[in-house]
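The structure appears right after this line, and notes come after that.
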There are 4 protein chains.
Amino acid sequence: MNDIIQTAADNDKFAKHNGIKLLSVGKGSAKAEVEIKEHHLNGLDIAHGGIIFTLADMAFAAASNSHGVDAVAVNVSISFFKAVSSGRLFAEATEISRNRKLATYRMDVTDEAGEIIATMQGTAYRKTPRK
Amino acid sequence: MNDIIQTAADNDKFAKHNGIKLLSVGKGSAKAEVEIKEHHLNGLDIAHGGIIFTLADMAFAAASNSHGVDAVAVNVSISFFKAVSSGRLFAEATEISRNRKLATYRMDVTDEAGEIIATMQGTAYRKTPRK
Amino acid sequence: MNDIIQTAADNDKFAKHNGIKLLSVGKGSAKAEVEIKEHHLNGLDIAHGGIIFTLADMAFAAASNSHGVDAVAVNVSISFFKAVSSGRLFAEATEISRNRKLATYRMDVTDEAGEIIATMQGTAYRKTPRK
Amino acid sequence: MNDIIQTAADNDKFAKHNGIKLLSVGKGSAKAEVEIKEHHLNGLDIAHGGIIFTLADMAFAAASNSHGVDAVAVNVSISFFKAVSSGRLFAEATEISRNRKLATYRMDVTDEAGEIIATMQGTAYRKTPRK
C-alpha cells in the first residue's frame, strides 16, 4: 500500500477506531477491509449494520475523492442480504457516473467466500476547488 | 432509563464501542444519543457518516424491535445535510408503516440546537416468531 | 388554483398524460392528486408503482422548484406500503433541508381515507442561475 | 418474444398506456424498452423521472416475478444521471440477492448509445404461495 493511501486511512479516526483498512484506491475506485471482532456485533451477536455501512462508506469516500476534488456524501442507500458474525469483509467501490458537481458509486460488500453481504449506492457532491 | 433499555444498549457491543446511548424506547419509537469525540471524525475532521448512520440505526433497531417480534434491517436510505465536528447528536425513530412482515421507520438526526443533520428511512423484515 | 400552478401542470406532458393534477404549491411545499383509473393498473390489477412514483415526483418537482431556482432530481427513494386499485391518491411534499446547491424533500402519499400508501424521499440539485 | 412475455406486457395497463415494452425475461433478469415521445416529457422538455422509473420498474417486476412466486416492490432507490428528450431507452434488471422472502435487483437504464441515464436498486417481498 502506498503512502498516500496509508495517510488517508490514518487520518480517518473513525475508520481506525473500528479497525477498517483501506486496501487500494484508483481513479473512481477503492477497496476496504475489516475483520469482524466482538466489538462489531450488535445485540443479536451479528455484525452491526453500522460497521458494514462504515466499511462501504470508506471505499465510497476514497473512490469519490480519488479525482483530486473534495467530495462529500449526499445520499446513501444500502441493502443488507446476509448476517455475518466473524471473518473478514471487503467493500469495493465502482464509479457509475460522474459530472462536474455530482458523482455516484456502487459498493458491494462481500465475505471471504466472495458471497455478497450488502450493496450500497452513494451519491457525492463535489466541492468547487478554491482558487 | 429502565432496565430493559439498559440491557438492550449494553448488549449492542458496536454501539457501546462507539459511545452511543439509547435514551428511550416506546411502541414503534426510540431515541438515541452520541457525543461526538475525536475518534468519531473522518479525514476531513468532521463526524464520519458511519457514526451518524450507526446512531440512527440504533434508534431504528430499537423501534423496530419494540413490538416483541425480532426485526432486521433490509433497506436503509440516509441523506446527509450538515457537517458537525463536536457536541451531542440525537436520533429519533418514528414508525411510518407496519404490517405482519415489514415495517418502515423514519429517523431524524438533530444537533443540540435542534437543527437537522441527517434523515434516514429504514425498512425492517419481521421474523416469524418460533412457537 | 392560480395561473402559475395551472401553467406548470399543463407544461408537464407526462403528468397530464397520466391524469396527475397539481393542487397547490408553496415555498418548499406542494400537493398533487391523481384518480386511479384502469390505465394506472399493473398486471396484478393494482396501481402501478410508476403512477405512485410519478404522483409523488410531481409534488417533489413543484416543491423543489418553488424558490425560483431550477432544481432537478438527483436521488429518490420510495417505500411502498399498501396496494390500491381505485380512488384518489394525494402526494404532499415537505422540505426537510435546503442549501445553495442541494435540497431534500419528503413526499407522503395517502389515500382518500388518509392512510399512508407510500413515502418518498428526494434530493434535488439546484442549478446556478444564469446571469 | 414468446407468448408469456407478451401476455405479461399486455396485462400491465400502465406500461401499455406509456409505451413500455418488455423485451426479454430470464430467471432473475429482464429487459424493457421505451421510445421517448412528446407525452413522456416534463415541463423542462426532458424525459420525466416518472417514465424512467416506470421503465426500470417494469424490468424489476418482470425479473422479480420470474421465479414463479408473486413478488411486490417494497423499496426502490433511483439515481438520475443525464437528461434525455428523445430516442429509445433500455432498462436491464439483474438479480443481486434472493432468499425465501426477499430479493434485490439492480436496474441500469441506458440510451441508444449505451450511456447510463439512471440506475435503480429495488427490493421485492416474495409472497408465500397459496396451497
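Nothing in this text is a laboratory measurement; each read-out follows from the coordinates by a stated rule. In this text the structure is predicted, and so the values were computed from the model without any measurement. Virtual Cβ from ideal backbone geometry, glycine too; neighbours counted across all protein chains shown.
Below are the figures for this structure:
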item: Net charge, B:R106 excluded, C-beta distance under 11 Å - Lys, Arg +1, Asp, Glu -1; result: -3
item: Long-range HN-HN contacts of B:R88 with modeled amide H, under 5 Å; result: B:I36, B:E112
item: Inter-copy separations for B:S29, label at 7 Å along Cα-Cβ, nm, ascending; result: 2.1, 4.8, 4.9
item: Electrostatic dipole magnitude of the protein assembly as shown [Cβ: Lys, Arg +1; Asp, Glu -1; Cα centre; debye, to 20]; result: 0 debye
item: Approximate spin-label separation D:T94-C:E35, in nm, with each point projected 7 Å along Cα-to-Cβ; result: 4.4 nm
item: Amide proton proximity set for D:I96, modelled H, under 5 Å, gap of 5+; result: D:T104, D:Y105, D:R106
item: Local electrostatic count, C:A118, Cβ distance below 14 Å [Lys/Arg +1, Asp/Glu -1]; result: -3
item: Shortest-first distances to equivalent copies, position B:E115, nm, label 7 Å out along Cβ; result: 3.8, 4.1, 4.5
item: Cβ-vector label at 7 Å, D:A83, separations to other copies in nm; result: 2.9, 3.8, 4.8
item: The stretch D:3-126, dipole about Cα centre (Lys/Arg Cβ +1, Asp/Glu Cβ -1), debye to the nearest 20; result: 540 debye
item: Distance histogram for the protein assembly as shown (every C-alpha pair counted, 10 angstrom bins, percent rounded to whole numbers); result: 4, 19, 31, 27, 15, 4, 0
item: Under the Karplus curve 6.51 cos²θ - 1.76 cosθ + 1.60, θ = phi - 60°, whole-Hz ³J(HN,Hα) for the stretch B:63-74, x wherever Gly or Pro sits; result: 5, 6, 9, 7, 9, x, 10, 4, 10, 10, 5, 10
item: Translational diffusion of the stretch B:19-104, µm² s⁻¹ [Kirkwood Rh, Cα pairs; Stokes-Einstein; 4 °C; 1.567 mPa s]; result: 95 µm²/s
item: Theoretical FRET efficiency, 1/(1+(r/R0)^6), r = Cβ-Cβ of D:L23 and A:L23, R0 45 Å, to 0.05; result: 0.70
item: Alpha-carbon centroids, the stretch C:46-70 and the stretch B:10-47: separation in whole Å; result: 34 Å
item: Residue and distance (whole Å) for the chain B Cβ nearest the axis that superposes B on C; result: B:S77, 2
item: Rounded to whole Hz, the Karplus (6.51, -1.76, 1.60) HN-Hα couplings of the stretch D:44-49, x for glycine and proline; result: 9, 6, 10, 4, 5, x
